[in-house]
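Below is one structure, written out as structure tokens, with a few remarks after it.
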Amino acid sequence: MSYLILSPLNQFEVISLIGLNAPILGYLNLTLTNLALYSCFIFLIVLGFHVYGNNDSKLIPNKWSLSLESSFASINSMVREQIGVHSEIYLPFIYSLFFFILFGNLISNVPYSFAVTASGIVSLGLSFTIFIGVTILSLSIHGIKFFSFFIPAGTPLILVPLLVLIELVSYLARAVSLGVRLFANIVAGHTLLKILSTYLYKLFSGSLFVAVLTLIPFSIFLALIGLELAVSLIQAFVFTLLLCSYLRDAIELH
């Protein structure tokens, strides 16, 4: 039991905060989990950030407005370069997804908070949903021509079955790889910080001499925290960049 309490993976557990059981429609169970609470919290923060940074009624933009404009310009440039002329249609979705993942990653760095993006339900749910949506989009644009995506041009007839199998497995792997990349990086980073913080706390609780010596690994720990903050931004960018790449493949069949 003590192992479960001190487990660094315990921070990723989805738990029920408030539950309501009512004999309505046979049986109704309403539960508010930490995952749902933090998801709503992230939504409100993103919404509040954009409302506060709205510059329509201000003559001089504040720092939040400038940061939003810079973020929008960067994402818009990335989407245009990756997708091309059709980018305007997908920009709102990609922009919203970027900020949801970014704030989810950043909030998870706050001590004793919950990492929404470290939940397989969220990361793999986004991954599977995007994969299905991109596939439906490609089928609606190209129809039966979509299946030529699995046969590279100029492939000898004898190699077609093997290459189709390889390309099909590679394509289906997108449904998992997009979410696993986000999930694995956040879990690995938070688990490492949890383990190091536990050992540093025990070292600081010892003698004065040991506590002074612990300042050296503690400085490394602070550097890892900074690295984890950078990873939060990088993973949000990589997730949206790969999404743009998948959309481009769906539109152009490359």
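The values are calculated or read from the model by the stated rules, or taken from the named source; none is laboratory data. Note that the structure is predicted; figures quoted are calculated from it, not measured. Cβ: placed from backbone, ideal geometry, glycine included. Neighbour counts: every protein chain shown. Keep in mind that these areas ignore ligands, DNA and RNA; they rest on the heavy atoms of the full protein, side chains included. Shrake-Rupley method; radii C 1.70, N 1.55, O 1.52, S 1.80 Å.
Computed per residue of the chain from DSSP H runs no shorter than four, each worth -39500 (n - 2.57), the mean residue ellipticity at 222 nm is -24000 deg cm²/dmol. The listed residues CYS244, CYS40, once ranked by accessible area (1.4 Å probe) with the largest placed first, stand as CYS40, CYS244.
Which residue, VAL210, VAL180, VAL238, has the most motion in a Gaussian network model of the chain that connects Cα atoms within less than 10 Å? Maximum among the listed residues: VAL210. Once Cα extents along the principal axes in Å is calculated for the structure shown, the corresponding label among (1) 48, 40, 36; (2) 71, 42, 29; (3) 73, 57, 55 turns out to be (3). Taken one residue at a time, the phi angles of the stretch 125-133 give Karplus couplings (6.51, -1.76, 1.60, θ = phi - 60°) of x, 4, 4, 5, 5, 5, 4, 5, x Hz. Gly and Pro are set to x. Entry note, the chain: relative contact order of 23 percent, from Cα contacts under 8 Å with a spacing of 6+ residues. Rolling a 1.4 Å probe across the protein heavy atoms gives the chain an accessible surface of 60 Å² per residue. Taking the Cα centre of the chain as reference, the dipole from Cβ charges on Lys and Arg (+1) and Asp and Glu (-1) amounts to some 280 debye. Accessible area per residue was computed with a 1.4 Å probe on protein heavy atoms; THR198 scores about 50 Å². Ordering ARG174, ARG248, ARG181 by accessible surface, largest first, gives ARG181, ARG248, ARG174; the 1.4 Å probe counts only protein heavy atoms, with every chain in place. A straight Cα-to-Cα reach below 15 Å connects LYS194 with the aspartates and glutamates GLU13, GLU228, residues fewer than 8 places away in its own chain not being considered. Counting only protein heavy atoms and using a 1.4 Å probe, the accessible area of HIS142 comes to about 40 Å². Extension gain for LEU215-PHE147 works out to 18.6 nm (0.36 nm per residue, less the C-alpha to C-alpha distance).
Summarising the label geometry, the points placed 7 Å from Cα in the beta-carbon direction at GLU167 and SER77 lie 3.4 nm from one another.
Per-residue surface analysis assigns ILE136 an accessible area of about 100 Å², computed on protein heavy atoms at 1.4 Å probe radius.
If I compute solvent accessible area with a 1.4 Å probe over the protein chains, what percent of it on the stretch 37-172 is carbon and sulfur?
So the carbon and sulfur contribution to the accessible surface is 75 percent.
Scanning residues 5 or more positions from THR33 or on other chains, those with amide H under 5 Å from its amide H are LEU17, with H placed 1.01 Å from N in the peptide plane.
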